[in-house]
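Below: one structure, written as structure tokens.
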Amino acid sequence: MRTTVGWQADGAGIALRRVSFERRELRADDVAVRVDYCGVCHSDLHAIHARTGTANAPLVPGHEFTGVVTDIGREVTRFAVGDRVAVGNIVDSCGVCVMCRQGQENFCYEFPTLTYGGTDRHDGTITLGGYSREYIVRDRFAYPLPAGLDPAAAAPLLCAGITVWEPLRALGVEPGTRVAVAGLGGLGHLAVKFAVALGADTTVISRSADKADDARRLGAHDLIISTDQQQMTTARDRFDVVIDTIAVPHDITPYLRLVALDGTLSHVGHLGPVTVETLDLLIGRKKLSSAGSGGRPETAAMLEFCAQHDVSADIELVPSARVHGALARLERNDVRSRFVLDMSDLS
Ligand SMILES: NC(=O)c1ccc[n+]([C@@H]2O[C@H](COP(=O)([O-])OP(=O)(O)OC[C@H]3O[C@@H](n4cnc5c(N)ncnc54)[C@H](OP(=O)(O)O)[C@@H]3O)[C@@H](O)[C@H]2O)c1
Ligand SMILES: [Zn+2]
Ligand SMILES: [Zn+2]
């Protein structure tokens, strides 16, 4: 076994503890990655709170990171020691089901192995995430980090980015498509950057005007304040695609009403039951959809697109020892973009 160091949730909320723990020895198709930068996703907060006060298996969050290959298994040909790589929230899948064969490993029939809190397909252990100095990953689920992408600002592309990239692409967003993005956080700000770079007519929907400057800076063409009934009514049927990234349970009806004839509401933020009045779909033949993470081909395509179009996350980089403060600020929505942890203080 190989020993590494990371930040673990022990059932005491967001007060993570620095711990040493074991990583597996390399299998033939594994690469060892020195984790340099790991994004702080709102899903990490959900996961930490889900186990607060319980005695579940250890939880080391973190599922969007970049780093450098430090070792390779004997059958690995795609990577060499020293390569820059990126890893997202899926680290394995069956590889043979209908979804995997279509390059949608994120929808694997056997459920993809998640980067943390997942069950390893070979030894049954619970995976521990990227808030750590080293990660061992099957080579298929590591992605070369294109030259030109800053490794810290690229880390959030691997969860926040791909989660909004796949639906934008699958829904055919192109020049002239009218796109609205609800919730201007980690996922939302990348959805805006992608939509703008794809040539869409892009609008931000936020709860207040506080983020008006951010929306403009990101290239959005318009801002709708979701708490202003008049603005929401005026925007009825206006968007071909609405991407909802809001991190809390909420009524999706007001967002469905913004969708144009034959358009789609893609609900990718808070996951769980929603109530839909079918008439809100019927009138306008509207579609309700969801998505999560991405398959290998689209993840690689997103990284290439980002390198070509100079797209990456707007980040606040903090030493990993300040993870508690980052989670606390994320919790009270006191973050304009994405926190990224600099893991070098774990060496
Ligand atoms: N589908 C997937 O696979 C997937 C992947 C990653 C994350 N997620 C989920 O996506 C959600 C967003 O993640 P994130 O990392 O982008 O979170 P985030 O950075 O905290 O952003 C969430 C945004 O939601 C809005 N919001 C927060 N609290 C709200 C409230 N009480 N009422 C209305 N709006 C509120 C805020 O936007 P405004 O201030 O602009 O209103 C906030 O910026 C989380 O639930 C996360 O678990 C899903
Ligand atoms: Zn995430
Ligand atoms: Zn599969």
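Every number here is computed from the coordinates shown, using simple stated rules; none is lab data. This one's a predicted model, so the numbers in the text were calculated from it and none came from an experiment. Because the Cβ atoms are built from the backbone with ideal geometry, glycine has one as well, and the counts that use them run over all protein chains shown.
Each listed q (0.12, 0.16, 0.19 Å⁻¹) maps to a log10 I(q)/I(0) for segment 161-289 from the Debye sum over equal C-alpha point scatterers, namely -0.37, -0.69, -1.02.
Structural descriptor for the chain: relative contact order 18 percent, calculated from alpha carbon pairs under 8 angstrom and at least 6 residues apart.
For the pair Asp342 and Thr125 in one chain, pulling the backbone fully straight at 0.36 nm per residue adds 75.5 nm over the alpha carbon distance. Count the net charge of all other residues whose Cβ sits under 13 Å from the Cβ of Arg322, scoring Lys and Arg as +1 and Asp and Glu as -1. The answer is -1. Scaling against 2.2 N^0.38 Å puts the C-alpha radius of gyration of the chain at 0.98. From the alpha carbon centroid of segment 284-304 to that of segment 90-128 is 17 Å.
A cut-off of 5 Å between modelled amide H atoms, ignoring neighbours fewer than 5 places along the same chain, links Thr119 with Leu114, Thr127.
The longest part of the chain holding none of the exposed loop GluC sites (Glu not before Pro), meaning those outside H, G, I, E and B in DSSP with at most 16 other Cβ atoms within 10 Å, is 111-276. Taking a sphere under 15 Å around the Cβ of Ala147 and counting the other residues whose Cβ falls inside, with K and R at +1 and D and E at -1, yields a net charge of -3. Here the contact order of segment 161-289, divided by its residue count and restricted to Cα pairs under 8 Å and six or more residues apart, works out to 22 percent. With r as the distance between the Cβ atoms of Asp237 and Thr77 and R0 = 45 Å, compute the FRET efficiency 1/(1 + (r/R0)^6) and round to 0.05. That pair, Thr77 with Asp237, gives E of 0.30. Taking the C-alpha atoms only, the angle from helix 186-197 to the longest principal axis of the chain is near 70 degrees.
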